[in-house]
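Taken together, the values in this text are just the output of simple stated rules run on the coordinates, not laboratory data. From a predicted model like this one, the values you see are computed outputs, not experimental measurements. Here the Cβ positions follow ideal geometry from the backbone for every residue, glycine too, while neighbour counts run over all protein chains shown.
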Amino acid sequence: MQPVVARPLPRSVLTGQLREPALWDAVIIGGGATGLGIAVDVAARGLRVALVERGDFGSGTSSRSTKLIHGGVRYLAQGNIALVREALTERAVLARIAPALVRPLEFVVPCYGRGERAILRTGLGVYDLLAGSASLGPTRWMTRRETLARIPGVREQGLRGGVSYWDAQFDDAAMAISLMQTACALGATAVNYVACEELVSRDGRIAEVLARDVETGERFALKTGCVFNAAGVWVDAIRALACTADGPLATVSQGSHLVLDRRFMTGDAAMLIPRTCDGRVLFVVPWYGALLVGTTDVPRADAPFDPRPAAVEVEFLLRSAGAYLAARPDEGDVRASFSGLRPLLRGSTLRRTARISRGHAVFIEAGNLVSVVGGKWTTYRRMAQDAVDAARRARLLPASPESPTREVLLVPPPFVPASADDFRERVADAAFIGWASNFAQARTLDDIRARRTRLDFLDTSSTTPATPSGAR
Ligand SMILES: Cc1cc2nc3c(=O)[nH]c(=O)nc-3n(C[C@H](O)[C@H](O)[C@H](O)COP(=O)(O)OP(=O)(O)OC[C@H]3O[C@@H](n4cnc5c(N)ncnc54)[C@H](O)[C@@H]3O)c2cc1C
């Protein structure tokens, strides 16, 4: 595997490329996990590809996840073995191609009820078996004493012991930036703050994507034979631009997280709460020197760009985590909170173009509009491969090789932080701000605080004076 080397990405050069009248082999709408994964895949196959993102890379759902690269214990409980197996395979691929971004993490499930440990040990043992040679560590019983040692801060009263298993953690925004840099290093043109506004059709297919530079108002007409719709929960708004005949493909569910002080649970391991009162699992995960608690699952009829946790979600998360912690956190202990919107695949009569049932599906409509719906961060690479393969089969792309992305190393981040303080130092460091604006397309202070560092996700009370060059 050859490392891909990041290159400078001046906006004037990128927008200059969007101005070129030559045909793009593919245009991608959306710069989250799905769109950026597709950009890497298409570029790695040697094709000419442009990606437009109306905000910052990853600023939609892709910076607001629980930050786990996992098979999904929840899907195992639902009996969805194929999805778990696929995600575990991808977990191993991502650990190989992005070793600086994906790290193994031990999870401990505390057990209070009689017989609970045996059931969990069996279920999580199956999880580990499904991983096969890609296992990150053995699933095992833990005594009460060991459990208290691995997740200090867990409620002691009634604790019988625990079960330990392994999964992986990553920084979602850092991964998004790395994918963008990798795609650009492979020859893609991926630009943030450029919104797709119109799709122009000729002879029953889309001929041009009309996009607008959000900063300057300049308009670009991107001629192409293949349009990937990777707009996440906004997928149906893009389909509407192409006047597709069928109904919506996605439904929206909000998931919220709280960030608490680390003192509520010290130690290196994460805690999995196997069953909350709404029947879901809940994670309490060490993250950059803080504790990430999530998530909720609340259906929504709308899809705002910057969703916020509702008061009932905050109350639910505090109550559910508090039931398993010796010290119960309250609202005053919340350092930061954030919400993301899950794009869930709606039951549709429209024929699926690629295989589904693995949590994602690919649809081709309006001649050459390839929409990707559902999925998760863990499977972004596989989703991208499926989408591009579907476009190839439909002869929307020029002849190209099979996807090589299992072997494409992603551009590593410039440093591996341990805590919010590391980020605070960087935002005051001119060299870092230079990297963020010249190599990582940061355009605003918010880009730096929320996605080139994670300060705004870790502690909303801190402020810094950093401003990237060219910031608005
Ligand atoms: C609460 C929560 C927790 C999760 N936790 C995990 C986890 O731990 N592990 C895991 O594997 N997965 C997790 N997921 C799932 C994962 O985060 C999502 O599946 C993934 O981020 C979706 O990426 P996307 O690119 O499809 O959507 P998005 O990230 O939303 O990207 C779509 C992009 O399209 C852009 N866009 C929309 N309209 C236009 C337009 N007109 N022009 C240009 N751009 C446009 C948007 O600005 C947006 O950036 C979680 C999801 C949620 C909600």
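Quick look at the numbers
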read-out: Extended-chain gain in nm, criterion 0.36 nm per residue less alpha-carbon gap, residue 243 and residue 200; value: 14.4 nm
read-out: Angle between the chain longest axis and helix 380-393 axis [Cα atoms, degrees, rounded to 10]; value: 30 degrees
read-out: Sorted peptide list for 60-67, 74-81, criterion being average Cβ within 10 angstrom, highest first; value: 60-67, 74-81
read-out: Over region 145-300: Kirkwood hydrodynamic radius from C-alpha pairwise inverse distances, Å; value: 20.1 Å
read-out: Cα-only Debye scattering, region 333-455: base-10 log of I(q)/I(0) at q = 0.16 Å⁻¹; value: -0.96
read-out: Calculated FRET value between residue 328 and residue 300, using beta carbons and R₀ = 35 Å, to 0.05; value: 0.75
read-out: Taking the convex hull of Cα positions in region 418-458, its mean projected area over all directions (nm²); value: 2.6 nm²
read-out: Pairwise label distance in nanometres, residue 96 with residue 210, each label 7 Å out on the Cα-Cβ vector; value: 4.6 nm
read-out: Expected 222 nm ellipticity per residue - DSSP helices of 4 or more, -39500 (n - 2.57), all of the chain, to 500; value: -8500 deg cm²/dmol
read-out: Nearest-0.05 FRET efficiency for residue 422 and residue 112, computed from C-beta distance (R0 30 Å); value: 0.25
read-out: 3J(HN,Hα) from dihedral phi, region 301-309, Karplus parametrisation 6.51/-1.76/1.60, rounded to Hz, x for glycine, proline; value: 8, 10, 9, x, 6, 10, x, 10, x
read-out: Gap separating the Cα centres of region 180-238 and region 382-414, nearest whole Å; value: 18 Å
read-out: Rel. contact order, % - alpha carbon contacts under 8 angstrom, at least six apart, region 418-458; value: 42 percent
read-out: Packing-based order for 101-113, 9-21, using average beta carbon neighbours within 10 Å, highest first; value: 101-113, 9-21
read-out: Using a Förster distance of 45 Å, the FRET efficiency for residue 122-residue 430 (Cβ separation, nearest 0.05); value: 0.25
read-out: Relative contact order computed over the chain (Cα-Cα under 8 Å; 6+ residues apart), in percent; value: 23 percent
read-out: 0 to 90° range, to nearest 10: angle between helix 172-185 axis and the chain longest Cα axis; value: 30 degrees
read-out: P(r) tail fraction, the chain - alpha-carbon pairs more than 28 Å apart, %; value: 51 percent
read-out: Distance (nanometres) between label positions extended 7 Å along Cα→Cβ at residue 393 and residue 310; value: 3.9 nm
